[in-house]
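The values are calculated or read from the model by the stated rules, or taken from the named source; none is laboratory data. As the structure is a computational prediction, the values presented were derived from the model and not from experiment. Cβ coordinates were reconstructed from backbone atoms using ideal geometry, including for glycine residues, and neighbour counts include every protein chain displayed. Accessible surface is based on the protein model in full, side chains and every heavy atom, while ligands, DNA and RNA are left aside. Shrake-Rupley method; radii C 1.70, N 1.55, O 1.52, S 1.80 Å.
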Amino acid sequence: QQCFDLLQERPWTAEDFPVAARWLKENADRYAVYESALNRPKYGSWHFPVGDGETLDDWLNMTLSDVQHNREIARLLAVRANYRLGCGDVDGALDDWRLILRLSRHILDNPNNCLVESLVGVAIYGVATSLGLGANPDAPPTSEQWARAAEIHRETFGEYDFNALRRRVFEGETFLNVVWFAQFLSHPEPSEYLPLSGFTQRLVPGLDADAA
């Protein structure tokens, strides 16, 4: 783990970490899949369809690994970007930087996000912004490459409103807490959670669903 952290934190070469360089070469096809997926207009969602019989509890208790694997993809891209920086391939590193930013934006744009997904999206943005594009003194970016970096950020996050994200997530979490409390009052047995479909019409008797 310590070695992996170093690989994603600073430029490196095959001379520094020969095993890691060989791993990158052997997994080129996997990186190609990531690149193909992240260049699509919309990225896949880990949310399953919700229909009759599904419960609010089923929807909320997603497997954390289903969300966190996106962070691992971002870290793997950062590892390759730092290898490219170490080799003097600034343009290749910028390609990976763009993919990390696109991954973050894809996740943050998911309208079904709860708190966990949004935090993962923000964390991935942090992976991108912590990448030291100018960290190799032997191969610093040219002015044209810095301009390209600025354009990549404008393309992916130029008009993004993080304050709006904060408000949306806070409002969603507040609403879900109200629903949980209503369920607790009306269904004392934990196994009797209300179905998600139409649950706002079947809250605590006398409770105004619209107000909830």
*Pairs under 6 Å by beta carbon, first residue more than 18 Å from P141 (Cα to Cα) and without any contact (Cβ under 8 Å) to a residue 40 or more places away in the chain in the stretch 79-106, partner open to solvent by 10 Å² or more (accessible area, probe 1.4 Å) and of a type in the set (A, V, I, L, M), six or more apart or different chains?*
I100/V127
*Just give me the residues in the stretch 98-120 being part of a helix (DSSP H, G or I) and closer than 18 Å to R40 by Cβ, in sequence order.*
R98, L99, I100, L101, R102, L103, S104, R105, H106, I107, L108
*Could you list all residues from the stretch 121-135 that are open to solvent by less than 20 Å² (accessible area, probe 1.4 Å) and either among the charged types (D, E, K, R) or within 15 Å of A78 (Cβ to Cβ) (or both)?*
I124, A128, L131, L133
*Scan (1) at pLDDT 60 or above; (2) surrounded by 14 or more Cβ atoms within 10 Å (Cβ to Cβ); (3) not in a helix (DSSP H, G or I) for the single condition E159 breaks and write down its number.*
(2)
*Considering only the stretch 5-29, state which residues are touching a residue at least 40 places away in the same chain (Cβ under 8 Å), open to solvent by 50 Å² or more (accessible area, probe 1.4 Å) and not in a loop (DSSP other than H, G, I, E, B).*
E9
*Within the stretch 68-76, identify whether any single residue is among the hydrophobic types (A, V, I, L, M, F, W, C), at pLDDT 90 or above and crowded, with 22+ Cβ neighbours inside 10 Å, and answer yes or no.*
yes
*Which one is surrounded by the fewest Cβ atoms within 10 Å (Cβ to Cβ) among residues in the stretch 136-152 that are without any contact (Cβ under 8 Å) to a residue 24 or more places away in the chain and either polar (S, T, N, Q) or part of a helix (DSSP H, G or I) (or both)?*
S143
_Conditions (1) at pLDDT below 95; (2) more than 17 Å from the chain's Cα centre (by Cα); number of the one not met by G86_ = (1)
